[in-house]
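S.K.: Quick one: the structure is below, questions incoming.
The values are calculated or read from the model by the stated rules, or taken from the named source; none is laboratory data. If you're wondering where the values come from, they're calculated on a predicted model, not measured in any experiment. Neighbour counts run over all protein chains shown; Cβ positions are idealised from the backbone, glycine included. With ligands, DNA and RNA removed, areas are computed over all heavy atoms of the protein, side chains included. Shrake-Rupley method; radii C 1.70, N 1.55, O 1.52, S 1.80 Å.
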Amino acid sequence: MKITIIGTGFVGVVTAAVYASLGHQVTGLDIDKKKIKSLQKSQVPFYEPQLTNLLKQQQQQKRLKFTTSYAQAVKNAELVIIAVGTPSAPDGQADLSYVFASCESLALYLKKQTIVAIKSTVPPGTLDQVKQKINQARQQQKLSKIKYYLAALPEFLREGSAVQDTLKPDRVLIGTENSQVFQKLQKLHQPFKAPIVQMKPASAQMAKYAANAYLATRITFANQIADLCQKNGADIEEVLTGIGLDKRIGPHYWYPGLGYGGSCFPKDVKELAAYSRAIGEGDNILNKVNQINENRIPKLMRQFAKKLAGWQNKVVAVLGLSFKPHTDDLREAPATKVIPILLQAGAKVNSYDPMAQYSPPTSTNYQQFKKIKTACQDADVIIALIEWPEILSFDFSQVKTKKHQWFIDARNQFKPKQLEKLGYDYLGIGR
Ligand code: UGA
């Protein structure tokens, strides 16, 4: 199949490389010339395991190319996938301007029978607007009416395991009411050996938002139970084991911490909340989930400060800067909130991350190190923020140099007793 993917951000590049690996002819299109130039040289502008190798392989096999030309990319495509960003607008709703701009550009080169599938996260109703934009753009250029098809094709990949998630998805949702379109997209996704479900476009779009909103709510729920445990002597890890054994609930994906981050959960929860308000259904759980998550870091940092008698003049080692392991993405990463709070409160901050680079708005008293050992040198407090394997496997006895040293385990990944044995004063989440 000849496939064009518009938008060579995270989702676009991963999807392009994976579809090419199935034997299709794939073109990645972006208006950002610099990005396309580096992708043409197999240089990926972010860190994602397995991606660079896959990209190189597919380019060598001549199955994958990148361009800035809509004419070149769209005129022969049987399937055009829109994977551009949909950032939150000031009112919290999804800003669809990149989606619409790409529709207006592709409209001019669209050939008949092409399927235009929207992978970007968009609210129900967007396909009607997309259709309008494409038709208007063709009318303005006095181009003839043609038969093309629209579909919703939401993505469910996670950063850090995006290639594997795309190759082995839990499910593929295809939002179309046209059986021919469904069959074509079904055939494309069959090699993934996952359940492929046909549904209305609006259902596919809602399923994408609802999946992220549910997972974010589940994490928030666990975090709130952790806060209760903190007050009453229970240990959240034991409590979660106790409830997770209930088959209706399950033991997965609710590990407590400083709240969810990244480029998706915070944005999608806010967007679904704003969308709910806009359609008169604003009195739901989503606004509250977002608010609880936003308040979480300041609240926990106040609690920690109380325990260790303030941050002023303390040397604090912050380990893990990206929003989660195996990515260099700093969007909504806890470090970007924790470090400014520490600096504001008068601490000296030394940080470490194996991949991400972070500099806070005011960087006096801040330094990033290449090694955990040097970042922890003379630390009064060590904060293990992100569960990078390098951090989990580090021998913290090497940096236990002061009589009084605190260890904040922000993801509950360490054994409190082991750290206490080394002489640290241990603080976890909800334990
Ligand atoms: C998320 C979803 O998991 C994907 O299915 C979805 O496709 C993607 O958003 C998207 O919409 O594009 P991602 O943002 O890459 O993927 O990261 P996750 O691994 O889901 O983690 C999100 C946040 O939740 C992180 O801050 C993580 O630390 C936090 N989290 C995750 C917890 O606090 N506890 C957990 O048990 C799991």
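S.K.: What are the pairs, 6+ residues apart or on separate chains, where a residue within segment 40-53 that is in a loop (DSSP other than H, G, I, E, B) has its Cβ under 8 Å from a residue that is among the aromatic types (Phe, Trp, Tyr)?
M.R.: Phe46/Phe10; Glu48/Phe10
S.K.: Quick one: which of Gln40, Gln25, Gln50, Gln61 is open to solvent by 80 Å² or more (accessible area, probe 1.4 Å), at pLDDT 95 or above and closer than 22 Å to Lys184 by Cα?
M.R.: Gln25 is the lone residue from the list that is open to solvent by 80 Å² or more (accessible area, probe 1.4 Å), at pLDDT 95 or above and closer than 22 Å to Lys184 by Cα.
S.K.: Provide a single number: the residues in segment 154-194 that are more than 13 Å from the ligand (Cβ to nearest atom) and in contact with a Pro (Cβ under 7 Å, 6 or more places away or on another chain).
M.R.: The total comes to 4.
S.K.: Could you go through segment 287-306 and let me know if any residue there is under 18 Å from Ile429 (Cα atoms), over 21 Å from the mean Cα position of the chain (by Cα) and of a type in the set (Gly, Ala, Ser).
M.R.: Within segment 287-306 (the criterion being under 18 Å from Ile429 (Cα atoms), over 21 Å from the mean Cα position of the chain (by Cα) and of a type in the set (Gly, Ala, Ser)), the answer is yes, since at least one residue qualifies.
S.K.: Of all residues in segment 324-355, which are of a type in the set (A, V, I, L, M) and either outside any loop (DSSP other than H, G, I, E, B) or touching a residue at least 60 places away in the same chain (Cβ under 8 Å) (or both)?
M.R.: Hits for segment 324-355 are Ala333, Ala335, Val338, Ile339, Ile341, Leu342, Leu343, Val349, Met355.
S.K.: Follow-up. Here is a list: Glu387, Glu420. Which entry is assigned to a loop (DSSP other than H, G, I, E, B) and acidic (Asp, Glu)? Walk me through it before giving the result.
M.R.: Working: Glu420 fails: assigned to a loop (DSSP other than H, G, I, E, B).
Selected residue: Glu387, the only one of Glu387, Glu420 that is assigned to a loop (DSSP other than H, G, I, E, B) and acidic (Asp, Glu).
S.K.: Among (1) among the polar types (S, T, N, Q); (2) open to solvent by less than 90 Å² (accessible area, probe 1.4 Å); (3) part of a loop (DSSP other than H, G, I, E, B), where does Gln398 come up short?
M.R.: Exception for Gln398: condition (3).
S.K.: For the structure I just gave you, tell me whether Ala211 is hydrophobic (A, V, I, L, M, F, W, C), in contact (Cβ under 8 Å) with a residue 12 or more places away in the chain and farther than 24 Å from Leu108 by Cα.
M.R.: Numbers: hydrophobic (A, V, I, L, M, F, W, C): yes; in contact (Cβ under 8 Å) with a residue 12 or more places away in the chain: yes; farther than 24 Å from Leu108 by Cα: yes.
Judged against the criteria, Ala211 is a match.
S.K.: Among the residues of segment 240-279, which ones are of a type outside the set (Ser, Thr, Tyr), more than 8 Å from the ligand (Cβ to nearest atom), open to solvent by 50 Å² or more (accessible area, probe 1.4 Å) and closer than 27 Å to Pro325 by Cα?
M.R.: Within segment 240-279, Gly242, Ile243, Leu245, Ile249, Pro251, Lys270 meet the criteria.
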